C-alpha cells in the first residue's frame, strides 16, 4: 500500500462522511437561530438577539468550513494525492 493510496482513502472518508456531517451541524445551528429569531420568540427581544447569534455563528461556521475544505482540496491537488487524481 502506497502513501497515495492510503491518503486517498483517508481523504475520501473525510470528504464523504465527516465534512458533510459538520456542514449539516452548522446548517442546523443556522436553522435553529432562524426559528428562534422569527417564530419562537417574536416578541422577546433578548431571545431574538440570542437567535440572531445562532444565525451568525451558523453562517460563520459554514463559511469557515467551505473555505478550509477548499484550501485542503487545493493543497491535496497540488501534492497529487487528491481523490480521483
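A short reminder: the numbers here are calculations on the coordinates, not readings from a lab. Predicted, not measured: the structure shown is a model, and the values here were computed from it. Neighbour counts are summed over all protein chains in view; Cβ atoms, including those assigned to glycine, are modelled from backbone coordinates with ideal geometry.
Here the Debye sum runs over all C-alpha atoms of segment 3-79 as equal scatterers in vacuum, and log10 of I(q)/I(0) at q = 0.16 Å⁻¹ comes out as -0.65. So how tilted is helix 45-79 from the main axis of the chain? Cα-based, degrees 0 to 90, rounded to 10. Approximately 10 degrees, to the nearest ten.
Relative to the longest principal axis of the Cα atoms of the chain, helix 3-13 runs at roughly 20 degrees. For the pair segment 1-37 / segment 41-82, the C-alpha centres are spaced 12 Å from each other.
How high is the FRET efficiency from residue 28 to residue 75, r the C-beta distance, R0 41 Å, rounded to 0.05?
Working: r = 28 Å, r/R0 = 0.69.
Efficiency, rounded to the nearest 0.05: 0.90.
Angle of helix 19-34 to the longest C-alpha principal axis of the chain, folded into 0 to 90 degrees and rounded to 10: 10°. Look at the alpha carbon pairs under 8 Å that are at least 6 residues apart: their mean separation over the length of the chain gives a relative contact order of 34 percent.
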